[in-house]
Amino acid sequence: MAAVRDASAVMAAPAQIVVDGVSHLYRPPRGRAVLALERVSLEVQNREFIALLGPSGCGKSTLLYLIGGFLPAETGAIRVDGNPVAGPGPDRGIVFQHFALFPWKTVRGNILYGLERQGMPREEREKRALDFIELVGLSGFEDSFPSQLSGGMRQRCAIARTLAFDPKILLMDEPFGALDAQTRGLMQSELLRIWQRTPKTVIFVTHDVQEAVYLADRVAVMSARPGRIKTIVDTKFDKTDPHVHKAKAFVEKVDELWDLVKDEALKAQGVRAP
Ligand SMILES: Nc1ncnc2c1ncn2[C@@H]1O[C@H](COP(=O)(O)OP(=O)(O)O)[C@@H](O)[C@H]1O
Ligand SMILES: [Mg+2]
């Protein structure tokens, strides 16, 4: 009986991230206002890995910035662990689409920066920085400056910096978009390894269908602007299987999502779907 009660308690647990009827209108000082999001609702469970997939300009980054607290939610509500989001906080770490490293700081310096601001004692933060440099495979490059690193290494440094302060929630905006295919593949498995070792809730923005299906437990497909959640598809696969990309069920899932996204991409370009 106790087990049954426990199961129902788990089912009833409120989502960690609740996006409730959120719209977002950009009002640039010059030019037309842009409705980027329209009544978006989304619930993300604790420790879930969800991908946001949609054509360019559909509001993926906007939604991530709203959850991160970098933009205020003017219409609708966003709650994290039951509390309305009022700004950025240490519970949410964001990895931006374009590497946001300090060019005048080394790899170590970039990672230490956030830990210093958190008030972590010196010895502890030095050790922590080195641990995360090792985790993302940058050992030996501690004293390199961003300009001395490849794009992939810079992005790994940005990821290490965000992971080092141990946010419960990782918000990642096309973090591998600028990488070559091989580095991207390596980074994807690296990210999954990190997610399994240090369980976190991840919202991962991408326009790459295969990447979304591979990484996420669920994929939320967004419609062309104004962005809405068009549908949510379950995409749980065995990520430890090195041949998962070739599995029939995986390939079918990628095709299914491709069709959903293609319609929206055509709409975004003003072409009507056949
Ligand atoms: N600061 C801004 N001012 C005006 N319009 C913006 C601003 N930022 C984004 N937009 C517009 O809002 C829409 C959604 O943008 P964005 O969230 O960046 O989309 P995505 O990340 O899916 O490519 C786009 O049409 C974009 O041009
Ligand atoms: Mg974007």
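Nothing in this text is a laboratory measurement; each read-out follows from the coordinates by a stated rule. From a predicted model like this one, the values you see are computed outputs, not experimental measurements. Neighbour counts are summed over all protein chains in view; Cβ atoms, including those assigned to glycine, are modelled from backbone coordinates with ideal geometry.
Observations on the structure shown:
- Residue-count net charge about Val19 - beta-carbon cut-off 9 Å; Lys, Arg +1, Asp, Glu -1: -1
- Pairs from Lys246/Lys267; Lys60/Lys246; Lys60/Lys105; Lys230/Lys262; Lys60/Lys236 whose Cα-Cα separation, in the structure shown, is over 20 Å: Lys246/Lys267; Lys60/Lys246; Lys60/Lys105; Lys60/Lys236
- HN-Hα J in Hz across segment 14-23 - Karplus 6.51, -1.76, 1.60, θ = phi - 60°, x for Gly and Pro: x, 5, 6, 10, 10, 10, 10, x, 8, 10
- Amide proton proximity set for Lys230, modelled H, under 5 Å, gap of 5+: Val221, Met222, Ser223
- Among Leu179, Leu53, Leu170, residue whose mean-square fluctuation peaks in a GNM of the chain (springs only between Cα atoms under 10 Å): Leu179
- Dipole check for segment 28-146: with +1 at the C-beta of Lys and Arg, -1 at the C-beta of Asp and Glu, and the Cα centre as origin, the magnitude is about 440 Debye.
- Ordering Trp258, Trp195 by the number of other Cβ atoms within 10 Å of each residue's own Cβ, fewest first, gives Trp258, Trp195.
- Sorted by Cβ neighbour density within 10 Å, fewest at the top, the residues Leu192, Leu163: Leu192, Leu163
- Most mobile listed residue (Ala77, Ala86, Ala13) in the chain, GNM with C-alpha springs under 10 Å: Ala13
- Net dipole in debye of the chain [+1 Lys, Arg Cβ; -1 Asp, Glu Cβ; about Cα centre; nearest 20]: 580
- Sparse-neighbour loop sites [GluC sites (Glu not before Pro); segment 8-76; at most 12 other C-beta within 10 Å; DSSP]: Glu74
- Cβ-placed point charges (K, R +1; D, E -1), dipole of segment 164-274 about Cα centre in debye, nearest 20: 240
- Gaussian network model of the chain, Cα within-10 Å springs - most flexible of Val40, Val221, Val251: Val251
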